[in-house]
Amino acid sequence: MRRKFINLAFRLQSELIKIRKSKIVNRKSKKMLVEFNTLPEESKVWIYQANRSFSDKEIEDIKSRLDIFLENWTAHGSDLESGYCIKYKRFIVIGLNQNINNASGCSIDASVHFIQQLEKDFSVDLLDKMNVSYKQGEFVAYKTLTDFRKMAKEKAVSKNTIVFNNLVTTIAEFNENWEVPASESWHNRFIK
């Protein structure tokens, strides 16, 4: 009787090991880094604005690092389905499908540490929210908020100036309200 019990225990343990291995393989085969444009419109976005344009070489390096970071990004051990895009060689936009899993405080901290590391490695500012980017013809200009206010007062920018509203929080808002005339953004408070 004892021998039957031991044999049964070994078979159960063996089956559990197979199940665990199967789950690990399935987890690894599920791609959590997806194309940004495939994320649902209600996905959360974070926009990091650089104080200068990135070179093509820097963009390739940043993309490589983003691929690795986002492929391994988790919240309380659960994978996060996310994607990114880099716009105008200046904006890093990360999107997270919250229909699958929400970001936690720890996962958001991890993303901020990742961005801080990019800042150090590329000698660039990505986290200062007191700066404004706007279009000047086909080019993207970058000014401190103080300088932008002064330019508005001097009529160097107008309500029709295209600005980047980095306060948007979803992909739907990003698609509709990120790149807009100053009159349709929080920037309008500075323009008379």
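For region 98-124, a tally of residues being assigned to a loop (DSSP other than H, G, I, E, B), at pLDDT below 95 and surrounded by 14 or more Cβ atoms within 10 Å (Cβ to Cβ) returns 6. In summary, strands (runs of 3 or more DSSP E) completely within region 131-185 and bearing 3 or more residues that are surrounded by fewer than 18 Cβ atoms within 10 Å (Cβ to Cβ) occur at 131-136, 139-144. Checking each residue in region 42-60 for being touching a residue at least 60 places away in the same chain (Cβ under 8 Å) and either in a helix (DSSP H, G or I) or not assigned by TED's automatic domain parsing to the domain that holds ALA110 (or both) picks out only GLU58.
Going through (1) part of a helix (DSSP H, G or I); (2) in contact with an Asp or Glu (Cβ under 8 Å, 6 or more places away or on another chain); (3) of a type in the set (A, V, I, L, M) one by one, LEU127 falls short only on (1).
The values are calculated or read from the model by the stated rules, or taken from the named source; none is laboratory data. Just so it is clear, the structure is predicted and the values come from calculations on it, not from any experiment. Every residue, glycine as well, gets a Cβ built from its backbone with ideal geometry; the counts of neighbours run over all protein chains shown.
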